[in-house]
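*Asks:* So that we are looking at the same thing, I have put the structure below in structure tokens.
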């Protein structure tokens with residue numbers, strides 16, 4: 001057997017980011033755990049540590065596996081089938097939000113997080129088989145059906161979670177050589193579906209309006225009867241959609257260059273909602289300043305670098321597109337999360353990969369990175 005070649009730069013970056021995430025999670029959640037949830041201050045970090053151990057075992061499993069063993073219909077289609085089945089089940093198991101399975105003794109499990117690795121495996125398999133016929137209409141229809149079906153099921157639970165796999169699919173097809181006319185049609189379909197999803201929920205529309213026109217001056221110049229404002233305000237989820245990004249910017253601004261110090265942040269003390277989940281990057285900025293925030297960004301730049309390198313060096317199409325899909329999905333999610341925290345995009349619930357609290361997100365991310373490491377080891 002050939003000696004495997006571990007990409008130590010990538011592997012150690014992953015270990016460092018997960019470890020850093022646990023430290024920041026304890027800082028961001030310890031006070032909230034006691035004040036809001038009435039549990040021990042270490043409650044969230046202990047749960048995340050358990051998920052981290054399980055996720056690293058999954059990462060090592062995929063890392064040691066020859067990625068070419070996944071280049072089969074069984075892997076490509078069973079992953080999609082399992083995720084779709086779980087999304088149907090969670091629709092009824094969680095009648096209110098359609099997102100979570102609640103498992104006693106373990107916590108919550110979000111199946112939509114696994115849409116990313118399932119779709120990446122499918123796309124890598126599909127494009128490797130149809131690379132020379134990528135612009136054939138039958139090829140496009142088959143791929144579009146799979147992507148839209150999965151995206152629709154995820155959107156039912158969470159619009160934000162659906163954006164990452166859809167953007168990943170678009171980038172992969174673009175790199176694979178899909179013609180501009182087809183890309184334009186797919187983009188139009190995607191924009192139409194996103195617009196429908198946004199307008200279908202008042203709180204979603206409220207977040208977009210809070211970003212582009214917080215005082216409704218432009219909207220009311222067109223909507224003189226105030227129907228849009230009324231529709232948004234009837235949503236019980238929205239009262240001040242700009243509150244969260246405003247508190248996030250206060251946190252980041254307070255941190256300055258050097259930060260106020262680990263555990264010393266104030267915005268996490270009931271001012272900034274989701275300070276230990278979707279907005280943990282604001283806590284990093286407040287406590288560790290520009291240097292800490294830049295270090296997190298640098299970690300994702302390393303993943304981008306090593307993933308792009310693998311895409312260029314891989315000898316087989318399946319390995320190329322597997323590496324591309326994993327890299328794009330993780331980096332895109334990180335960039336969207338950071339953009340939301342810095343109020344550069346409308347508020348949306350995106351966990352920051354490997355940093356935010358969330359076992360499903362961590363397991364999905366490390367499983368994907370395990371596949372990326374497998375491409376690295378078995379291309380040597």
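The values are calculated or read from the model by the stated rules, or taken from the named source; none is laboratory data. Computed from a predicted structure; not experimentally measured. So basically every Cβ, Gly included, is an ideal-geometry build from the backbone, and we count neighbours across all protein chains shown.
*Asks:* Looking at the structure I just gave you, is residue 85 closer than 17 Å to residue 368 by Cβ, in a helix (DSSP H, G or I), out of contact with any strand residue (DSSP E or B) (no Cβ under 8 Å at 6 or more places or on another chain) and not assigned by TED's automatic domain parsing to the domain that holds residue 377?
*Replies:* Considered against the rule, which asks whether it is closer than 17 Å to residue 368 by Cβ, in a helix (DSSP H, G or I), out of contact with any strand residue (DSSP E or B) (no Cβ under 8 Å at 6 or more places or on another chain) and not assigned by TED's automatic domain parsing to the domain that holds residue 377, residue 85 comes out as no.
*Asks:* How many residues are buried (at least 24 other Cβ atoms within 10 Å of the Cβ) and in contact (Cβ under 8 Å) with a residue 40 or more places away in the chain if we restrict to the range 329-352?
*Replies:* Looking only at that region, the number is 9.
*Asks:* Also, quick follow-up: Can you tell me which condition residue 258 does not meet? The list is (1) crowded, with 19+ Cβ neighbours inside 10 Å; (2) in a loop (DSSP other than H, G, I, E, B), and all the others hold.
*Replies:* (1)
*Asks:* Go over the candidates 92, 77, 126 one by one and state the one that is in a helix (DSSP H, G or I) and at pLDDT below 85.
*Replies:* Matching residue, one of 92, 77, 126: 92.
*Asks:* Here is a further query. Filter the range 349-380 down to residues that are under 23 Å from residue 294 (Cβ atoms) and in a loop (DSSP other than H, G, I, E, B), then give me how many there are.
*Replies:* So the answer is 8.
*Asks:* Have a look at 332, 340, 328 and point out the one that is over 21 Å from residue 118 (Cα atoms) and assigned by TED's automatic domain parsing to the domain that holds residue 247.
*Replies:* Sole residue among the options that is over 21 Å from residue 118 (Cα atoms) and assigned by TED's automatic domain parsing to the domain that holds residue 247: 340.
*Asks:* Looking only at the range 226-245, filter to residues that are surrounded by fewer than 16 Cβ atoms within 10 Å (Cβ to Cβ) and under 28 Å from residue 108 (Cβ atoms); which one of those is modelled with the lowest pLDDT?
*Replies:* Only one residue fits best here, namely 236.
*Asks:* Within the range 287-310, is even one residue assigned to a loop (DSSP other than H, G, I, E, B), in the same structural domain as residue 29 (by TED's automatic domain parsing) and more than 30 Å from residue 70 (Cα to Cα)?
*Replies:* Within the range 287-310, none of the residues are assigned to a loop (DSSP other than H, G, I, E, B), in the same structural domain as residue 29 (by TED's automatic domain parsing) and more than 30 Å from residue 70 (Cα to Cα).
*Asks:* Could you please let me know if residue 205 is crowded, with 18+ Cβ neighbours inside 10 Å and in a loop (DSSP other than H, G, I, E, B)?
*Replies:* no
*Asks:* Pick from 35, 57: which is in the same structural domain as residue 274 (by TED's automatic domain parsing), modelled with pLDDT of 85 or more and exposed (fewer than 15 other Cβ atoms within 10 Å of the Cβ)?
*Replies:* 57
*Asks:* In the list 47, 36, 69, which residue meets the criterion of being over 22 Å from residue 302 (Cα atoms) and in contact with a strand residue (DSSP E or B) (Cβ under 8 Å, 6 or more places away or on another chain)?
*Replies:* None of the others qualify; the one that does is 47.
*Asks:* Identify, from the list 146, 131, 157, the residue that is closer than 18 Å to residue 311 by Cα and modelled with pLDDT under 75.
*Replies:* On inspection, the qualifying residue turns out to be 131.
*Asks:* Any idea how many residues of the range 97-117 are surrounded by fewer than 17 Cβ atoms within 10 Å (Cβ to Cβ) and at pLDDT 75 or above?
*Replies:* Matching residues across the range 97-117 total 2.
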